[in-house]
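These notes concern the structure reproduced below.
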Amino acid sequence: QEQLIESGGGVVQAGGSLRLSCAAPGLTFRLYAVGWFRQILGKEREFVAHINWRGDFAEYSDSVKGRGTISRDDAKNTVYLQMNNLKPEDTAVYYCAAGLGTAGREETNYNYWGQGTQVTVSS
């Protein structure tokens with residue numbers, strides 16, 4: 001099964017920024033919508049952001065709206081999630097996923113997933 005590869009996680013102080021990357025070495029990424037999800041310890045995985053296959057439409061969860069920007073560079077087969085003004089409550093494992101069609105906020109619409117990257121925000 002094709003795998004996505006996340007990177008860019010780490011430990012950052014509150015108010016800081018991180019850029020997460022999602023690479024897809026085995027996929028023609030430009031054909032896929034891509035989403036970012038996160039799982040906070042002890043909670044269910046939740047939607048963060050997604051971008052359509054053309055790169056001209058994106059949606060964000062209320063928790064990251066205004067602080068996060070999802071973008072894609074199909075020449076590099078990579079999607080990014082820029083997170084600014086990070087808060088301790090953003091601490092989670094962040095996953096990227098790829099799906100055909102609209103994909104959107106529902107996990108079931110995504111066919112390929114990465115292993116996740118840990119983001120820890122210290123207060």
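Assorted remarks:
- For the range 53-81, the set of residues classified as open to solvent by less than 20 Å² (accessible area, probe 1.4 Å) and assigned to a loop (DSSP other than H, G, I, E, B) consists of Ser61, Val64, listed by residue number.
- Flag for Ser21 being under 10 Å from the mean Cα position of the chain (by Cα) and not aromatic (Phe, Trp, Tyr): yes
- Every test in (1) assigned to a loop (DSSP other than H, G, I, E, B); (2) open to solvent by 70 Å² or more (accessible area, probe 1.4 Å) is passed by Glu89 save one, and that test is (1).
- Test: residue in the range 19-38 that is on the phi > 0 side of the Ramachandran plot and not basic (Lys, Arg): no
- Applying a threshold of 8 Å to beta carbon distances and a minimum spacing of six or more residues, or different chains, the list of pairs starting in the range 103-123 at a residue that is closer than 23 Å to Arg30 by Cβ and assigned to a strand (DSSP E or B) and ending at one that is modelled with pLDDT under 95 and of a type in the set (S, T, N, Q) reads Tyr112/Gln1; Tyr112/Gln3; Trp113/Gln3; Gly114/Gln3.
- Residues of the range 1-46 that are under 25 Å from Lys87 (Cα atoms), of a type in the set (Ser, Thr, Tyr) and part of a loop (DSSP other than H, G, I, E, B): Ser17 alone.
- Residue satisfying all of: in the range 100-123; of a type in the set (Gly, Ala, Ser) and modelled with pLDDT under 95; most open to solvent (accessible area, probe 1.4 Å) among these: Ser123
- Test: residue in the range 6-28 that is among the hydrophobic types (A, V, I, L, M, F, W, C), modelled with pLDDT under 95 and surrounded by 13 or more Cβ atoms within 10 Å (Cβ to Cβ): yes
- Filtered by the rule that a residue be within 16 Å of Leu4 (Cα to Cα) and hydrophobic (A, V, I, L, M, F, W, C), the range 76-102 gives Val79, Leu81, Val93, Cys96, Ala97, Ala98, Leu100.
The values are calculated or read from the model by the stated rules, or taken from the named source; none is laboratory data. Everything quoted here is computed from the prediction, not taken from an experiment. Note that we place each Cβ from the backbone using ideal geometry, even for glycine, and neighbour counts take in every protein chain shown. Heads up: the accessible areas ignore ligands, DNA and RNA and are worked out on the full protein's heavy atoms, side chains in. Shrake-Rupley method; radii C 1.70, N 1.55, O 1.52, S 1.80 Å.
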